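The values are calculated or read from the model by the stated rules, or taken from the named source; none is laboratory data. Please read these numbers as outputs of a predicted model, since none were measured by experiment. We place every Cβ from the backbone using ideal geometry, glycine too, and count neighbours over all the protein chains shown.
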Amino acid sequence: MGEYKTIAAPAEATMKERHSTFRAFAYPVKTETEAKVHLKALRARFPDASHVCYAFRLGPRGDSWAASDNGEPGGSAGRPIYGRLLSAGVSDCMVAVVRWFGGKKLGVPGLIAAYKASAEEVLAAAAIVEVGK
């Protein structure tokens, strides 16, 4: 199986960027179905959100993964979140970022920076553990 890193428990972080609010959630997940359950719960919990973007990595080597921009410009949300999962070296983990539009457009570079920072913040707040020893 091999050793790899994941998060021990769910975590949350919130940031604001030019009046938009970004609330990030990290969850330990073992399957795509588990990830979808968390996404469905977030969408039900925050029906007023503009977007719920996410990425997840599964398995000891992170071979199975997915990312979604959920209506944001292509590559501006899901990929930056996925990049933070890679940088942290975690798998069996999903990060979802819920965004409420604040009235000022951020542009694609601004969105990339905001989603990347949100994912980084929530992973920094999470307890990262090694499994498979």
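Can you confirm whether Ala67 is part of a strand (DSSP E or B) and either farther than 18 Å from Tyr115 by Cα or touching a Lys or Arg at 6+ places or on another chain (Cβ under 6 Å) (or both)?
Details: part of a strand (DSSP E or B): yes; either farther than 18 Å from Tyr115 by Cα or touching a Lys or Arg at 6+ places or on another chain (Cβ under 6 Å) (or both): yes.
Yes: the conditions hold for Ala67.
So, in region 12-38, how many residues would count as being surrounded by fewer than 18 Cβ atoms within 10 Å (Cβ to Cβ) and either in contact with a His (Cβ under 6 Å, 6 or more places away or on another chain) or within 10 Å of Val122 (Cβ to Cβ) (or both)? It would help to see each step written out before you state the result.
As a first pass, look at region 12-38 and keep what is surrounded by fewer than 18 Cβ atoms within 10 Å (Cβ to Cβ): 12, 14-16, 18-19, 21, 30-34, 36-37.
Those left that are additionally either in contact with a His (Cβ under 6 Å, 6 or more places away or on another chain) or within 10 Å of Val122 (Cβ to Cβ) (or both): 12, 14-15.
Looking only at that region, the number is 3.
Within region 35-44, can one find any residue that is farther than 15 Å from Val90 by Cβ and modelled with pLDDT under 95?
no
Condition (residue is in contact (Cβ under 8 Å) with a residue 60 or more places away in the chain and of a type outside the set (Phe, Trp, Tyr)) applied to region 39-53: is it met by at least one residue?
Going through region 39-53, the residues in contact (Cβ under 8 Å) with a residue 60 or more places away in the chain turn out to be 53.
Remaining after also requiring of a type outside the set (Phe, Trp, Tyr): 53.
Looking through region 39-53, at least one residue is in contact (Cβ under 8 Å) with a residue 60 or more places away in the chain and of a type outside the set (Phe, Trp, Tyr).
From the set of residues in region 8-33 that are acidic (Asp, Glu) and in contact (Cβ under 8 Å) with a residue 60 or more places away in the chain, which is farthest from Gly62 (Cα to Cα)?
Going through the qualifying residues, I end up with Glu17.
Across region 88-112, which residue is farthest from Gly59 (Cα to Cα) among those that are without any contact (Cβ under 8 Å) to a residue 24 or more places away in the chain and assigned to a helix (DSSP H, G or I)?
Going through the qualifying residues, I end up with Gly107.
Condition first: within 30 Å of Val131 (Cα to Cα), surrounded by fewer than 15 Cβ atoms within 10 Å (Cβ to Cβ) and touching a helix residue (DSSP H, G or I) at 6+ places or on another chain (Cβ under 6 Å). Now tell me which residues in region 67-115 satisfy that.
none
Show me the strands (runs of 3 or more DSSP E) found entirely inside region 1-62 where at least 2 residues are of a type in the set (Gly, Ala, Ser).
11-17, 20-28
Is there a residue being touching a residue at least 60 places away in the same chain (Cβ under 8 Å), in contact with a His (Cβ under 7 Å, 6 or more places away or on another chain) and outside any helix (DSSP H, G or I) anywhere in region 114-126?
Within region 114-126, not a single residue is touching a residue at least 60 places away in the same chain (Cβ under 8 Å), in contact with a His (Cβ under 7 Å, 6 or more places away or on another chain) and outside any helix (DSSP H, G or I).
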